[in-house]
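Read through the structure below, which is laid out as structure tokens, and then see the notes.
The values are calculated or read from the model by the stated rules, or taken from the named source; none is laboratory data. Please read all numbers here as calculations on a predicted model, not as lab measurements. Reconstructed Cβ throughout: ideal geometry from the backbone, glycine too, with neighbour counts over all protein chains shown.
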Amino acid sequence: MRRDKLSAGVVIGIAVLGCAKPPTSRQAQVEPMSGLRAEIASRVSMDQTVQRELSDRIQTGQPIGPAKARQDSVFNANLEWMRLVLARYGWPGRRLVGDEGSHGAWLLLQHADRDTALQRTAMQLLETAVRDNDASRRDLAYLTDRVRVAEGRPQVYGTQLQYDNRGCASPKPSEEPAQLDARRASVGLEPVAQYVQAVMAALGRATQCAVSK
């Protein structure tokens, strides 16, 4: 893919706008953004597919090499594409690509761990979008924690988990742990204990990781 083309959808949209009939201002905005929205959705779908493939292999005890290589390839391609998107549009917020598109952009950047500097830039753009009511506070909370943990700092919202030798989860170190649930509530997140229980249930480890009373 050429670096000056964000996606086939965007390029097609621009080509349509160059037809003989001059587009209205609304058409000039909507048609390319429809392509951008579709490209985000396509990349999110692939992201989830390669993650499921890797998870299935881990759960069934199969070799993970090929699946891990495929996941890395998809994550890296999405990282480079999101670098272009951020440079061209800033944060792709609700008004640009809708709620689902904005959330999808967040997901792709959550998995851009190879480039923490890009994640930090994205976080700053997302902060501005949240202040403008153009993006999700929850997404910002997760990305903030992701960046902080990558930089070796305590997280703020307790979204990033660590696992013991049984595969049981707990939050990675957080600043002012006594205030953790209050901070989570401020961005619409459930109490951290419920969050951890939900993760364990999703992984099928709720019973083995239950806290004894």
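Which condition breaks for A210 when tested against (1) modelled with pLDDT of 95 or more; (2) exposed (fewer than 14 other Cβ atoms within 10 Å of the Cβ); (3) under 25 Å from S55 (Cα atoms)?
(1)
Here are some residues: A129, A69, A141. Which one is part of a helix (DSSP H, G or I), surrounded by fewer than 19 Cβ atoms within 10 Å (Cβ to Cβ), modelled with pLDDT of 95 or more and among the small types (G, A, S)? Let's see the steps before the verdict.
Details: A129 fails: surrounded by fewer than 19 Cβ atoms within 10 Å (Cβ to Cβ); A141 fails: surrounded by fewer than 19 Cβ atoms within 10 Å (Cβ to Cβ).
None of the others qualify; the one that does is A69.
A201 passes all but one of (1) surrounded by 12 or more Cβ atoms within 10 Å (Cβ to Cβ); (2) at pLDDT 95 or above; (3) not in a loop (DSSP other than H, G, I, E, B); which number fails?
Only one criterion is unmet by A201, namely (2).
Suppose the filter is within 29 Å of A201 (Cβ to Cβ), within 15 Å of the chain's Cα centre (by Cα) and surrounded by fewer than 21 Cβ atoms within 10 Å (Cβ to Cβ); does D164 pass it?
Working: within 29 Å of A201 (Cβ to Cβ): yes; within 15 Å of the chain's Cα centre (by Cα): no; surrounded by fewer than 21 Cβ atoms within 10 Å (Cβ to Cβ): yes.
Judged against the criteria, D164 is not a match.
Which members of segment 90-109 meet the condition of being surrounded by fewer than 19 Cβ atoms within 10 Å (Cβ to Cβ) and free of Cβ contacts under 8 Å to residues at least 40 places away in the same chain?
G90, R95, D99, H103 - these are the residues of segment 90-109 that are surrounded by fewer than 19 Cβ atoms within 10 Å (Cβ to Cβ) and free of Cβ contacts under 8 Å to residues at least 40 places away in the same chain.
Can you say whether A135 is without any contact (Cβ under 8 Å) to a residue 60 or more places away in the chain, among the small types (G, A, S), touching a Phe, Trp or Tyr at 6+ places or on another chain (Cβ under 9 Å) and part of a helix (DSSP H, G or I), as far as the supplied structure shows?
Numbers: without any contact (Cβ under 8 Å) to a residue 60 or more places away in the chain: yes; among the small types (G, A, S): yes; touching a Phe, Trp or Tyr at 6+ places or on another chain (Cβ under 9 Å): yes; part of a helix (DSSP H, G or I): no.
Against the criterion (without any contact (Cβ under 8 Å) to a residue 60 or more places away in the chain, among the small types (G, A, S), touching a Phe, Trp or Tyr at 6+ places or on another chain (Cβ under 9 Å) and part of a helix (DSSP H, G or I)), A135 does not qualify.
Cβ-Cβ under 7 Å, sequence separation 6+ or interchain: first residue in segment 42-59 and within 18 Å of N78 (Cβ to Cβ), partner not in a helix (DSSP H, G or I). Which pairs?
Hits for this filter: D47/H111; L54/I64.
Count, please, the residues in segment 101-126 that happen to be closer than 21 Å to A38 by Cβ and in a helix (DSSP H, G or I).
Restricting attention to segment 101-126, the residues satisfying the condition of being closer than 21 Å to A38 by Cβ are 101-112, 122.
With in a helix (DSSP H, G or I) added as a condition, the list becomes 101-110, 122.
Residues in segment 101-126 being closer than 21 Å to A38 by Cβ and in a helix (DSSP H, G or I): 11 in total.
Going residue by residue through segment 167-181, is there one that turns out to be in a helix (DSSP H, G or I) and closer than 30 Å to S73 by Cβ? If you could, list the steps in order and put the result at the bottom.
If we filter segment 167-181 for residues that are in a helix (DSSP H, G or I), which is where we start, we get 177-181.
Subset that is closer than 30 Å to S73 by Cβ: none.
Looking through segment 167-181, none of the residues is in a helix (DSSP H, G or I) and closer than 30 Å to S73 by Cβ.
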